[in-house]
1. Suppose each label sits 7 Å from its Cα in the direction of the beta carbon; what would the VAL63-GLU135 distance come out to in nanometres?
2. On a 0 to 90 degree scale, rounded to 10, what angle separates helix 56-78 from the longest Cα axis of the chain?
3. Which value in nm describes the separation of the simple spin-label points at ASN27 and TRP49, placed 7 Å from the Cα toward the beta carbon?
4. Which value in deg cm²/dmol, rounded to the nearest 500, describes the helix-derived mean residue ellipticity at 222 nm for the chain, given -39,500 (n - 2.57) per DSSP H run of n ≥ 4 and division by the residue count?
5. Which value in nm describes the separation of the simple spin-label points at ILE121 and LEU107, placed 7 Å from the Cα toward the beta carbon?
6. R0 = 30 Å: FRET efficiency of VAL10 with VAL98, Cβ-based, nearest 0.05?
7. Please report, in debye to the nearest 20, how large the charge dipole of the chain is about its Cα centre when each Lys and Arg carries +1 at its beta carbon and each Asp and Glu carries -1 there.
8. What value does segment 1-53 have for Rg/Rh, both radii from Cα atoms and Rh as Kirkwood defines it?
Amino acid sequence: MSSIEGAKLVVVFFFVGIVIVYVLYLNSLRKTIIEISPENRRVRPGEVWLMLIPLFSLAWQFVLVAKIADSLLAEYRSRGMTPSESRPGYQLGLTMSVCFVSSLLPLLGSIIALIGFICWILYWNKMNSYRQELENMNSVL
């Protein structure tokens, strides 16, 4: 195997790894939405997969973050609870989305992308925390 073929193989494995991680993230969002009562959902669980559509996802991420936040808020209110945020996860999700779109800008794009990546990890973690909290509440009911 030549060094060029080896480099191509590394690129392919890297790309496949990124896709797998991204699918795990989207599945995590889907599971969070599933834990929300259907009457409180502002988005269907399957709509997270629209994030796999190139270019469309640049706009859809803003919609998805807002709808998940509003769904979580409705769920908490229907249970007579007050979430720790006025729109759960919205500020962090919005920051993440703005960073990812802004990362397309020349010069500052790579720095903004790094900030977006950090926000993405934090947002994923926050959504998992909300999902686990809802799972725990649902198991008690």
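1. Between VAL63 and GLU135, the simple spin-label model gives 2.9 nm.
2. The angle comes out at about 20 degrees.
3. Label at ASN27, label at TRP49, 1.3 nm between them.
4. Working: 4 runs with 101 residues, N = 141.
Mean residue ellipticity at 222 nm (helix-derived): -25500 deg cm²/dmol.
5. Inter-label distance under the simple model: 2.8 nm.
6. Numbers: r = 31 Å, r/R0 = 1.05.
The computed FRET efficiency comes out at 0.45.
7. Values: 12 positive and 9 negative charges, 31 e Å.
Taking the Cα centre of the chain as origin, the dipole is about 140 debye.
8. Numbers: Rg = 17.1 Å, Rh = 13.2 Å.
Taking Rg over the Kirkwood Rh, I get 1.29.
Since every read-out is calculated from the coordinates, none of them should be taken as a lab result. Nothing here was measured: the structure is a model prediction, and the numbers come from that model. All Cβ positions, glycine included, derive from the backbone under ideal geometry; neighbour counts span all protein chains shown.
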